[in-house]
Amino acid sequence: MAPSKKGKAKANSVGSTQSSDSVNSNFPSCIRFVPPSSVSITVHAKPGSKVCSITDFDDEAVGVQIDAPAKDGEANAALLDYMSSVIGVKRRQVSICSGSKSRDKVVIVEEVTLQGVFDALNKVSKNQ
């Protein structure tokens with residue numbers, strides 16, 4: 001009886017994965033919905049730039065130039081400030097999930113929709 005329960009659990013998890021994939025299908029893979037109301041963004045940070053800007057927006061990652069040096073967490077703080085201003089949320093809603101000491105990071109934005117984040121990033125990347 002235990003193996004049948006495992007099989008059912010796997011079947012249920014596959015179904016839930018497909019439903020979240022259908023939500024993400026219209027958007028680049030660098031932006032993912034995280035239930036219940038958060039969005040995960042894969043970012044490739046480029047610290048030490050003259051100005052903050054989004055350099056590229058593709059399936060792999062969102063390229064972001066940061067105007068702070070990569071020491072003592074200054075670039076991470078500047079990245080979070082910039083991302084919160086671009087997306088239009090409060091600074092406390094944006095955090096680094098992984099990659100705090102790497103250029104490749106995963107940023108979590110809470111209490112937003114996938115469409116809202118996509119529209120905000122797309123608008124800024126087209127303007128630059």
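The values are calculated or read from the model by the stated rules, or taken from the named source; none is laboratory data. These numbers come from a predicted model, not from an experiment. Cβ coordinates were reconstructed from backbone atoms using ideal geometry, including for glycine residues, and neighbour counts include every protein chain displayed. Side chains are part of the model used for accessible areas, which takes the heavy atoms of the whole protein and leaves out ligands, DNA and RNA. Shrake-Rupley method; radii C 1.70, N 1.55, O 1.52, S 1.80 Å.
Counting DSSP beta bridges with both partners in region 34-128, what percentage is antiparallel, nearest 5? Of the beta bridges lying entirely in region 34-128, close to 80 percent run antiparallel.
Enumerate the residues in region 39-72 having an amide nitrogen under 19 Å from the point lying 7 Å beyond the Cα of K126 toward its Cβ. In region 39-72, the label zone of K126 (backbone N under 19 Å from the point 7 Å along Cα→Cβ) covers 53-59, 62-63. The largest accessible area among R32, R91, R103 belongs to the first residue in R103, R91, R32, and the rest follow in falling order (1.4 Å probe, all chains). Taking all protein chains together and rolling a 1.4 Å probe, C52 ends up with roughly 40 Å² accessible. With K and R counted +1 and D and E -1, the other residues having a Cβ less than 11 Å from that of S38 yield a net charge of -1. Loop-located GluC sites (Glu not before Pro) across region 32-118 with a Cβ neighbour count of 15 or fewer within 10 Å are E60, E111, with loop assigned by DSSP.
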